[in-house]
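Every number in this text was worked out from the coordinates using simple rules, so none of it is lab data. Everything numeric in this text was worked out from a predicted model, so none of it was measured. For neighbour counting, all protein chains shown are included, and Cβ atoms are generated from backbone atoms with ideal geometry for every residue, glycine included.
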């Protein structure tokens, strides 16, 4: 009887331990997959993302990847406020931190606005203009406008701000959508802004951290694990 109970207890313990090992193994496998994606996608010149990095002889130890949507108000706040604070951190000014903004259209307006941004001669300036002036074009509906009419009005304002009518081809827009879906699958993105902090010098299993949504500076700064100077 005692032996039977003991065997059951050992069995439960082994099952629990095996489960933990399996979960750890799954997590590490996921990290390997995500790390491979980061190295492939963001360490060479590509479309639909912008890289900010201060040239330096110091090696890059941190890469912050921000998946943001043009019509997202929290994304705009991050771009216009938090990113400025990040740029004043010693980690950034030393060249150790690289920041990547990835176009991740969360709705139709952001998707088609992105078409105008990335068809422009200077996507960085175009994106900056839409983020800075978001209240001017990402307006709320008035007079019970249909969603279709409101969408058209917003995009007309986008074209006016960017002073262009040029947009991406259907093939290029399809690529933008496919890249969004690929990132969604790899990182499990459910909302924006979505952040990935990649630290390649960390031990395996602790190289990638993710964060979603809220961007209050103190909390975000703590999450980055960067000490104030």
For a quick protection proxy, order the peptides 165-175, 129-139, 207-217, 106-116 by their average other-Cβ count within 10 Å, most packed first.
106-116, 129-139, 207-217, 165-175
Any idea how far the Cα center of region 57-75 sits from the one of region 86-117, in Å?
5
If every alpha-carbon in region 37-224 counts as one equal scatterer, what log10 I(q)/I(0) does Debye give at q = 0.11, 0.13, 0.14 1/Å?
-0.50, -0.70, -0.81
Within region 81-122, whose backbone N sits under 20 Å from a point 7 Å along Cα→Cβ of residue 210?
99-107
